[in-house]
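Only the coordinates and a few stated rules stand behind these numbers; no lab work does. Please read these numbers as outputs of a predicted model, since none were measured by experiment. Cβ atoms come from the backbone with ideal geometry, glycine included; neighbour counts cover every protein chain shown.
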Amino acid sequence: MLHSRIKWILVVLAIMVVSCSSQTQEPARPATVPNEAMWIGGVDGGAWVLLRKQENQPEYHYYAEIYGDQAGDPWYIGRLEVVPHSRPEVPLGNPGAYGVWDGDNLLLEDGRTMRAIDKFDPFKK
């Protein structure tokens, strides 16, 4: 009896862990999203993110295009700066290194932030 309860508890815990995973499955890529963009997903959706290093910019500045998960609407296009500036390198092309886009910041899994520094109005066409 005790063993069956323990097994039942372990099964329930395993299901909870799997269902609470921080990554979501990559959705179909909308036609408006560049092929180079990587999917960064979470439990409530995600975003398509394209990052590029820019020449003639400080080493902690990157060019970014961030698109909505389902429709592929642009959420942000412009420069991001890595904070703190003392660690400017980010792993381009590695979606596991990024957490979420919160509308103003791209959070990195190592605790750093890539902060939007350009104004962008996603509703202005």
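How would region 21-63 be classified by its alpha-carbon gyration tensor: rounded, prolate or oblate, with rounded meaning a/c under 1.5 and the a/b versus b/c comparison settling the rest? In terms of gyration-tensor shape, oblate.
Assuming R0 = 22 Å, can you tell me the calculated FRET efficiency for the pair Ile117 and Asn35, based on Cβ-Cβ distance, to the nearest 0.05? Computed FRET efficiency for Ile117 and Asn35: 0.25.
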